[in-house]
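J.: I'd like to ask you about the structure that follows.
The values are calculated or read from the model by the stated rules, or taken from the named source; none is laboratory data. Only a predicted model underlies this, so the values are computations on that prediction, with no experimental measurement involved. Cβ sites come from the backbone with ideal geometry, for glycine too, and all protein chains shown count toward neighbours.
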Amino acid sequence: MITIGIDPHKPSHTAVAVDAAGHKIGQRRFVVNAGTFGQLIRWGEQGHERRFVIEGAGGLGRTLAQQLAAAGEDVVDVPSTLSARARLLATGGDRKSGASPTWSTGP
C-alpha cells in the first residue's frame, strides 16, 4: 500500500507518495482548479492500493477529502495541530514556510 500525503493550500495542493516502508516514491504540486481532482487520481494510480492522508480535511482540504471519499478512496484526516507539532520537532519551528515546491516525479 502507498500513502499519499496532501498539504492543501488555496492556490495549490502538494502531494507526496510514500511506500509501506516510508520511502518517498514521488511528489507533485497541483494547481487548484476544476481538473485538480482528476489529475491527483491519475497521478496516484501507480498500480498499488493507496490511502490519502490530508492535512486539515475539515478545513482547506475539505472539498478534496469529500471528493476522494465519494470516489471510494481511503481518506484519513491529519489535524493541522498534529502537523504543526511534527514541524516543530523536525525544524524547531511550527510555522509553514508558505513556499510550495514545483517539482514533479512519478506518473
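J.: Being crowded, with 18+ Cβ neighbours inside 10 Å and not charged (D, E, K, R) is the filter; apply it to region 17-31 and report the residue that is modelled with the highest pLDDT. Spell out how you get there, then give the answer.
T.: If we filter region 17-31 for residues that are crowded, with 18+ Cβ neighbours inside 10 Å, which is where we start, we get 17, 26-28, 30.
Narrowing further to those that are not charged (D, E, K, R): 17, 26-27, 30.
Working: Ala17: 92, Gly26: 92, Gln27: 93, Phe30: 96.
Selected residue: Phe30.
J.: Considering every residue within region 32-49, establish whether at least one is part of a strand (DSSP E or B) and at pLDDT 90 or above.
T.: In the first step, residues of region 32-49 are kept if they are part of a strand (DSSP E or B); the result is none.
No: zero hits.
J.: Here's a check for you: in region 12-49, which residue that is over 12 Å from the mean Cα position of the chain (by Cα) and among the charged types (D, E, K, R) is farthest from Met1 (Cα to Cα)?
T.: Arg42
J.: Residues of region 35-52 being surrounded by fewer than 19 Cβ atoms within 10 Å (Cβ to Cβ) and within 12 Å of Asp77 (Cα to Cα), which ones?
T.: Arg51
J.: How do the pairs read when you match residues in region 51-78 that are free of Cβ contacts under 8 Å to residues at least 40 places away in the same chain with residues anywhere that are acidic (Asp, Glu) and surrounded by fewer than 19 Cβ atoms within 10 Å (Cβ to Cβ), using Cβ under 8 Å and keeping only pairs 6 or more apart or on different chains?
T.: From residues that are free of Cβ contacts under 8 Å to residues at least 40 places away in the same chain, the pairs are Ala57/Asp77; Gly58/Asp77; Ala65/Asp77.
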